[in-house]
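Written out below as structure tokens is the structure these notes cover.
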Amino acid sequence: MKYKVPRGTRDILGSDMLVWNRVNDAIAKITALNNYQKIETPIFEQTDLFKRGVGENTDIVEKEMYTFEDKSQRSLTLRPEGTASVVRAFVENKLYGGRLPIKLFYNGPMFRYEKAQKGRYRQFYQFGIEALGSGDPGLDAEVISVGWQLLMDVGIDSEEVKVHINSVGCKECREKYKEKLIEYYQDKTESLCSNCKTRLDKNPLRLLDCKNESCGAMANKAPSIFDVICTSCDEHFSSVKRYLEVFNVPYVLDKRLVRGLDYYTHTAFEYRNQKATSTQDAFGGGGRYNGLVEELGGPQTPAIGLAMGVDRIVLALLEKQLPQEHLNFFVVSMGEEEVQRYATEVMQMIRQHGYSCDKDYGGRSFKAQMRLADKCNAEKAVIIGDEEMKNKTLTLKNLKEGKQEILLEKQLKQQLERGSLSV
Ligand code: ATP
Ligand code: MG
């Protein structure tokens, strides 16, 4: 084979696409129900936006960005995530001057140079929401509930996913917490992985979510932010938990769940796939980022967001059951062009009434066309030959029950209009 897709990318085809459609339909529904509006931002942005918005000492900026120079030597980067772009658009378009909070969502490809494996790709897809302009704890719970409800709507079982929540406090709480952590890790640096060793001074919170086993064991015993949290952050978190009860979202407290950067505040959350055995076990996650809008040049604006990994949701669904194609009608037509033109007319009439319909374009035999109708999982066949063409009739066959009937074309039209078919 001469040409192959680049490593970490793939084609989405066949019945897989049916699952993608199902997830995308559920996204359209849940965002509409919760009043989130779609936003499209460019696939590439100025590199500095991500350096600033995602953070210089994150995995993404340190090693995962697809950065390139265009022909005018501008440094551009394929978007590795969605929040920085949405916040840029919020500031650039002065959306802070409009009705707040503004509730937005996106759904599209992201790019990260990662070790490609199952559930981890270099081009992957994220659905995300961002609600900017309110610090109401009820909004934190709403955002968490949207991700949860999406998983339930597409058919993930409630036992298959756990919602982990935590608070990372405000800047002041975090400063105190950082000191506590540094103190805790002080005499343990020898057993830390090299990544954690270098991060201890810069950003000790990051040590808590290290995937290395021995680092994990130490993190489990580390002090909790709740030892130092201020009253206002504590109250916010308690309120989020009470609202989660109202939204009917079950959750577990997870003091190791952190977002390391200073503009992340208060609530952090993640949806973990209980069935996943790999480190690709997060369906998605998010949190409050009350400092990010200001960091990117806008006015001080509280905000909260969520990002779901659509690829990982689709993978989990594919492991359950492959979906089937489905068609309302298949026109089986035997004859020369005149017959085919009549068959096409009937097919178009069916489609215009809102029913899916297809026909053979391969000159197949009657038997082969019936097999094709079956493969397409058509509910009904419309059989047309010379006789039918001359008399403007057709044979309507129910492929599930086997019953059939001869009808005039206009009778079929009437039945379609009424929405009730005779067989
Ligand atoms: P991980 O710990 O798995 O690397 P992350 O913390 O980098 O995830 P986020 O930046 O929070 O992930 O992105 C939100 C979601 O997007 C993740 O929970 C995951 O479902 C999905 N995701 C992230 N990176 C990838 C990838 N390379 N391929 C597929 N999905 C991804
Ligand atoms: Mg990652």
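The values are calculated or read from the model by the stated rules, or taken from the named source; none is laboratory data. Computed from a predicted structure; not experimentally measured. Cβ atoms come from the backbone with ideal geometry, glycine included; neighbour counts cover every protein chain shown. For accessibility, only protein heavy atoms count, side chains too; no ligands or nucleic acids. Shrake-Rupley method; radii C 1.70, N 1.55, O 1.52, S 1.80 Å.
Here are a few things to note about the model shown:
- When shorter helices are ignored and each DSSP H run of at least 4 residues is given -39500 (n - 2.57), the per-residue value for the chain at 222 nm works out to -11500 deg cm²/dmol.
- Region 282-341, relative contact order [Cα under 8 Å, separation at least 6], %: 27
- Using a probe of 1.4 Å on the protein chains alone, the accessible area found for Thr231 is around 100 Å².
- Ellipsoid equivalent to the chain - semi-axes via the Cα gyration tensor, in Å: 53, 23, 21
- When the pairs Lys118/Lys171; Lys367/Lys410; Lys211/Lys241; Lys4/Lys71 are compared against a 30 Å limit on Cα-Cα distance, Lys118/Lys171 fall above it.
- Dipole orientation for the chain: of the candidates Gln348, Ser134, Gln117, Gln117 has the Cα lying most toward the positive pole (charges on Cβ; Lys, Arg +1; Asp, Glu -1).
- Of all accessible heavy-atom area on region 276-423, the percent that carbon and sulfur account for (1.4 Å): 46
- Only protein atoms count toward the accessible area here, which uses a 1.4 Å probe; on region 1-52, the carbon and sulfur part of that area reaches 52 percent.
- Residues of region 126-177: accessible area per residue with a 1.4 Å probe, Å²: 27
- Of Arg74, Arg174, Arg112, the one that fluctuates the most in a GNM where the chain has Cα springs shorter than 10 Å: Arg74
- His164 accessible area, assembled protein chains, probe 1.4 Å, Å²: 30
- ³J(HN,Hα) computed for each position of region 82-98 - Karplus, 6.51 cos²θ - 1.76 cosθ + 1.60, integer Hz, glycine/proline x: x, 5, 4, 5, 5, 5, 4, 5, 4, 6, 4, 8, 6, 5, 5, x, x
- Gained length - Lys400 relative to Glu336, 0.36 nm times residue gap less alpha-carbon distance: 20.2 nm
- Taken about its Cα centre, the chain carries a charge dipole of about 560 debye when Lys and Arg each add +1 at the Cβ and Asp and Glu each add -1 at the Cβ.
- Stretchable slack from Lys390 to Lys180, in nm (0.36 nm times residue separation minus alpha-carbon distance): 66.8 nm
- Remark: region 1-113 carries 60 Å² of accessible area per residue (probe radius 1.4 Å; ligands, DNA and RNA excluded).
- What the Kirkwood sum gives for region 280-358 is a hydrodynamic radius of 18.0 Å, with every pair of different alpha carbons counted.
- Bridging of Lys176 to lysines at a Cα separation below 18 Å is possible for Lys202, Lys221, Lys255, once same-chain residues fewer than 8 apart are set aside.
- Val246 - accessible surface, heavy atoms, 1.4 Å probe, Å² rounded to 10: 110
- A Gaussian network model of the chain, with springs between Cα atoms under 10 Å, assigns the largest mean-square fluctuation among Lys380, Lys180, Lys255 to Lys380.
- GluC sites (Glu not before Pro) restricted to region 69-119 and DSSP loop, no more than 16 other C-beta within 10 Å: Glu114
- Compared with the dominant principal axis of the Cα atoms in the chain, helix 337-352 is inclined by about 50°.
- Averaged per residue, region 367-423 has 58 square angstrom of accessible surface, using a 1.4 angstrom probe with ligands and nucleic acids left out.
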